[in-house]
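The values are calculated or read from the model by the stated rules, or taken from the named source; none is laboratory data. Every value quoted in this text rests on a predicted model; they were computed, and no experiment measured them. Ideal geometry is used to build each Cβ from the backbone, glycine not excepted, and the neighbour counts take in all protein chains shown.
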Amino acid sequence: MTKGEQTREMIIERSAALFNKKGMAATAMSDVMDVTGLSKGSLYVHFDNKDVLVEAVVDYNLALLEQRTLMAINKFDNPKDKLFAYIDINRNSLNPPVEGGCPMLNFGMEADDQNEVVREKVAGQVNKTQQMIVDIITQGIRQGVFKADWDYKEFAALMFAMIEGGVMISRTTRKNDKTMIINRTLKKMIEAQLC
């Protein structure tokens, strides 16, 4: 990796949590200058404009969330345990897997009507995450862990929506009580589908 590539990566890494916490619009290049220690001119050597940096930061945060999620899930072989691990990684929204909260939720809501490129990136990750849930359940059905008649595609959408909704509730109320209800409910729903 060249020195320029290293600097570019450093800018992305150091500003990732900043954008995830403050948002794309509210984060100024002066904020990025503060966390990186670079001048505005140095930043623009590596990023043509703020939008280019935002896109790189969104990619970084989404990849980090996916990496940490897969690390938690891949500790297990049993499909039920994998689903439980996915639920558990999102159990404490006040101590999230990515600093600043769920980047799908944070960037997705801000980009909805404002930034089509970022909206598409988040939509891609949303679809990928739901497909991961579907794939785990499909594997479980093939292995005889789950009932063959489970409407797993519907459940995957419901599970994802409940978890993300729980994250939003917890982050805004600064309480995890609703997330814990969602956690228990989803686990009961999964256990009801065991063979």
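Some observations on this one:
- Which numbered condition ASP113 fails, given (1) in a helix (DSSP H, G or I); (2) out of contact with any helix residue (DSSP H, G or I) (no Cβ under 7 Å at 6 or more places or on another chain); (3) farther than 21 Å from ILE89 by Cβ: (1)
- Exclusive hit being under 21 Å from the mean Cα position of the chain (by Cα) and in a loop (DSSP other than H, G, I, E, B), set ALA56, ALA25: ALA25
- Screening MET104 with (1) out of contact with any Phe, Trp or Tyr (no Cβ under 7 Å at 6 or more places or on another chain); (2) under 19 Å from LYS187 (Cβ atoms); (3) modelled with pLDDT of 95 or more gives one miss only, at (2).
- Tally, over region 140-162, of residues that are of a type in the set (A, V, I, L, M, F, W, C) and either modelled with pLDDT under 95 or assigned to a loop (DSSP other than H, G, I, E, B) (or both): 3
- Any hit, region 87-102, residues being free of Cβ contacts under 8 Å to residues at least 40 places away in the same chain, outside any helix (DSSP H, G or I), surrounded by 17 or more Cβ atoms within 10 Å (Cβ to Cβ) and in contact with a Leu (Cβ under 9 Å, 6 or more places away or on another chain): yes
- Scanning region 176-189 for residues that are of a type in the set (A, V, I, L, M), within 22 Å of the chain's Cα centre (by Cα) and under 21 Å from GLN143 (Cβ atoms) returns a single hit, LEU186.
- Single unsatisfied condition, PHE76 versus (1) under 26 Å from ARG119 (Cβ atoms); (2) not in a helix (DSSP H, G or I): (1)
- Candidate set: region 133-186, residues that are among the small types (Gly, Ala, Ser) and buried (at least 18 other Cβ atoms within 10 Å of the Cβ); chosen: the one nearest to ALA123 (Cα to Cα): ALA156
- Scope region 20-33; condition within 25 Å of LEU105 (Cβ to Cβ), surrounded by 13 or more Cβ atoms within 10 Å (Cβ to Cβ) and free of Cβ contacts under 8 Å to residues at least 60 places away in the same chain; matching residues: LYS22, THR27, MET29, ASP31, VAL32
- Scope region 145-192; condition closer than 17 Å to ALA85 by Cα and touching a strand residue (DSSP E or B) at 6+ places or on another chain (Cβ under 9 Å); matching residues: VAL145, PHE146, ILE190
- Number of positions in region 30-42 that are in a helix (DSSP H, G or I) and at pLDDT 95 or above: 7
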